[in-house]
Amino acid sequence: MGKPIDYKKIERRAAARSAVKNGVTYTLLSLWALLVLFPFYWMLLTSIKGYGAYNAEYIPKFYTLAPTIQNYIDAFTTVSLGRYFLNTAVFTAITTLTMLIVIVPAAFAFSRLNFRGKNVVFVLFLSLMMIPNEMMIITNFTTITNLDLRNTFAGLILPSVMSVFYLYLLKENFAQVPDELYYAAKVDGTSDLKYLLKVMIPICKPTLVTVVILKVIECWNSYVWPRLITDDEAYYLLSNGIQEIRENGFGRENIPAMMAAVVAISVPLIVLFLIFRNKIMEGVASGGTKG
């Protein structure tokens, strides 16, 4: 008879290999997390350093013994940061709501209705994603200028109310809803609008939440278009407001106050992502998987 198999020894070896593998994996992930999070830590640290203390550091320190919130007070009192917040909130809310009104019915039509040329039209929409953004900006700028909509919220909002990517994401998610539900609803005399509102939207809620959050982040971080289309401070958003703060507010040398303003701007998006991160992952996964 052969030598009996020592199952316990095999299990110990497997457990040891698994422990080593997990240790290496978590070590690498921890190092990567430190690299990713360090800029945020440095931004927050700089924002709570006094102006004099910061300039006195010939060698930057990774800590401070005298934190202060004066920089945050200056960020909201020295310049119109509160107005920039309000403008950005109005721009983000109206743009996101208008986009939903546009793309939700469009995604439903492309995914559920049958009409002549549907596939051709959808391919044409997708082809717009191949056009560089710089070309779209030039066209939009010319159009908005000719319509005399510069330095208006309408000029800021109109070019952003349509997104081919979000339309595609939502259309693919709508297409996963079984056709039998639609046919059963039609037999019961349900209109397309009622079916969309009562069936499709509740089923595809994770993807809709994802689209909303991603659009909010996109609007909140918008820089090039607001910078290009507005030169009146009354219509500045946070992105180009920061540039105004840097040039005509604190000055280029007051880095702690600038960092305080950046932290204040970043916090809402960070909180939003932390709250809805699972919804975002779920929505992207369900929207990008067919079947």
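Once you list every other residue whose beta carbon is under 13 Å from the beta carbon of residue 235, what net charge do they have if Lys and Arg are +1 and Asp and Glu are -1?
Values: positive: 83, 150, 227; negative: 231, 232, 233, 244.
That sum, taken over residues with Cβ under 13 Å, equals -1.
Just going by the charge dipole of the chain, with Lys and Arg at +1 and Asp and Glu at -1 on Cβ, which of 144, 130, 111 is farthest out on the positive end?
Positive-end residue among those listed: 111.
At 0.36 nm per residue, and after removing the present C-alpha to C-alpha distance, how many nm does the segment from residue 139 to residue 27 gain when stretched out fully?
So the extension gain works out to 35.4 nm.
Highest mean first, how do 30-43, 170-183, 189-202 rank when packing is the count of other Cβ atoms within 10 Å averaged over residues?
170-183, 189-202, 30-43
Semi-axes of segment 153-229's equivalent ellipsoid from the Cα gyration tensor, sqrt of 5 times each eigenvalue, largest first, rounded to whole Å?
The three semi-axes for segment 153-229 are 33, 13, 9 Å.
Based on other C-beta atoms within 10 Å, arrange 216, 209 from fewest to most.
Details: 216 19, 209 15.
Lowest count first: 209, 216.
Quick one: if the Förster radius is 35 Å, what FRET efficiency do residue 227 and residue 69 give, using the C-beta to C-beta distance and rounding to 0.05? It would help to have the intermediate numbers written out before the result.
Details: r = 29 Å, r/R0 = 0.84.
So the FRET efficiency works out to roughly 0.75.
State the volume of the convex hull built on the alpha-carbon positions of segment 7-47, expressed per residue in Å³ and rounded to an integer. Before the final figure, lay out the partial values.
Details: hull volume 1.8 nm³, N = 41.
Residue-normalised Cα hull volume stands at 44 Å³.
Going down the table (186/215; 198/279; 118/215; 118/186; 171/279), which pairs top 23 Å between alpha carbons? Walk me through the numbers before you get to the answer.
Values: 186/215 33 Å; 198/279 21 Å; 118/215 26 Å; 118/186 21 Å; 171/279 18 Å.
186/215; 118/215, as the Cα separations exceed 23 Å there.
Calculate how large, on average over all directions, the projected area of the Cα convex hull of segment 70-287 is; give the answer in nm² to one decimal.
For segment 70-287, the mean projected area of the Cα convex hull comes to 14.3 nm².
Values quoted throughout were computed directly from the atomic coordinates according to the rules given, and no laboratory measurement underlies them. A quick note: this is a predicted structure, and the numbers were derived from the prediction, not measured. Positions of Cβ are generated from backbone atoms using ideal geometry, with glycine treated the same way; all protein chains shown enter the neighbour counts.
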